[in-house]
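Have a look at the structure below before the remarks.
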Amino acid sequence: MRKNKKRELYLVAFVLLALYFSLFETIIPKPFPWMKLGLANLATIIVLVKFDKKMAFEVLFLRIFIQGMMIGTLFTPGFFISLISGIISTGTMCILYDLKKHLSLVAISIFSAITHNIVQLIVVYFLLFRNIDIMGRSILIFVIIFLGMGVASGGVVGVIASKLKLRKVKKLK
């Protein structure tokens with residue numbers, strides 16, 4: 001099989017895996033309806049480790065666009081929040097993965113999840129809540145809980161990824 005064809009098959013498989021994880025997350029009880037555990041990021045981490053940064057971003061973009069089309073949120077505020085935070089957190093993941101000699105996949109996943117949540121909060125603030133005082137006690141408590149849940153879910157995704165004993169696949173370009 002040609003290398004490009006093989007690469008495309010892997011790409012489709014991991015996009016589908018990310019979409020399935022994202023769909024699975026919708027049936028898990030959550031404290032807030034819009035909050036997700038980030039299981040779809042497991043596919044991104046696997047692709048980053050087994051293939052390369054480019055394919056990790058391709059999985060991210062395709063998952064977000066296909067998911068937006070499937071659930072009818074394409075080009076809505078939720079879509080842009082997901083897209084912007086996904087790009088920045090995947091970029092963080094890629095940069096930290098270059099330091100893999102010093103960081104575990106769990107640490108990389110946790111830092112990526114925290115980055116994702118911080119960027120989400122910033123984008124939500126600028127898109128929807130610019131006129132709200134963010135220094136209120138209830139807002140700060142929410143932010144702390146939100147970031148804490150990000151650390152926990154990033155840790156879970158990182159542990160799962162590290163347990164998979166991932167190895168690099170030969171170049172598919």
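Each reported figure results from applying straightforward, stated rules to the coordinates on display, with no laboratory input. Because the structure is a prediction, the values reported are computed rather than measured. Neighbour counts run over all protein chains shown; Cβ positions are idealised from the backbone, glycine included.
Which value, in debye to the nearest 20, describes the size of the charge dipole of the range 3-163 about its Cα centre when Lys and Arg Cβ atoms bear +1, Asp and Glu Cβ atoms bear -1, and nothing else is charged?
Rounded to the nearest 20 debye, it is 460 debye.
Given labels modelled 7 Å from the Cα in the Cβ direction, how far is it in nm from Leu127 to Ile95?
Here the modelled spin labels are 2.2 nm apart.
So what is the relative contact order of the chain, in percent, for Cα pairs below 8 Å that sit 6 or more residues apart?
28
Efficiency by 1/(1 + (r/R0)^6): what FRET value for Ser104 and Lys3, r their Cβ-Cβ distance, R0 = 22 Å, to the nearest 0.05?
It comes out at approximately 0.10.
Tell me which of Val157, Tyr10, Tyr97 sits at the most positive position along the dipole axis of the range 3-163, charges placed on C-beta atoms (Lys, Arg +1; Asp, Glu -1).
The one lying farthest along the dipole's positive direction is Tyr10.
Applying the Karplus parametrisation 6.51 cos²θ - 1.76 cosθ + 1.60 with θ = phi - 60° to the phi angles of the range 61-74, what ³J(HN,Hα) value in whole Hz is obtained for each residue in order, glycine and proline being reported as x?
Calculated HN-Hα couplings, in order: 4, 5, 4, 5, 5, 5, 4, x, 5, 5, 9, x, 10, 4 Hz.
May I ask you to list the aspartates and glutamates whose Cα is less than 18 Å away from that of Lys101, ignoring any residue fewer than eight positions away on the same chain?
Excluding near neighbours in sequence, the set is Asp52.
Once phi is turned into ³J(HN,Hα) by the Karplus curve 6.51 cos²θ - 1.76 cosθ + 1.60 with θ = phi - 60°, what whole-Hz value does each residue of the range 122-135 show in order, with x for glycine and proline?
These are the phi-based 3J(HN,Hα) values: 5, 5, 4, 4, 6, 7, 10, 10, 4, 9, 9, 6, 8, 8 Hz.
Within 10 Å of each residue's Cβ, count the other Cβ atoms and sort Thr73, Thr115, Thr44 from fewest upward.
Least to most surrounded, the residues fall as Thr73, Thr115, Thr44.
Choose one answer from Lys100, Lys30, Lys50: the residue with the largest mean-square fluctuation in a GNM of the chain with alpha-carbon springs under 10 Å.
Among Lys100, Lys30, Lys50, the largest GNM mean-square fluctuation belongs to Lys30.
Counting Lys and Arg as +1 and Asp and Glu as -1, each charge on the Cβ, what is the dipole of the range 1-67 about the Cα centre in debye, to the nearest 20?
340
Can you tell me how the range 65-166 classifies by the Cα gyration tensor, rounded, prolate or oblate, using a/c under 1.5 as the rounded cut?
oblate
Among the aspartates and glutamates, which fall within straight-line cross-link reach of Lys30, defined as a Cα-Cα distance under 19 Å, with same-chain neighbours fewer than 8 residues apart omitted?
Those aspartates and glutamates meeting the cut-off do not exist here.
With unit charges on the beta carbon (Lys/Arg positive, Asp/Glu negative), name the residue among Val124, Ile66, Gly78 whose Cα is farthest towards the positive pole of the charge dipole of the chain.
Of the listed residues, the answer is Ile66.
Go ahead and run the numbers for FRET between Met70 and Arg137, Cβ-Cβ distance against an R0 of 41 Å, rounding to 0.05.
The calculated FRET efficiency here is 0.60.
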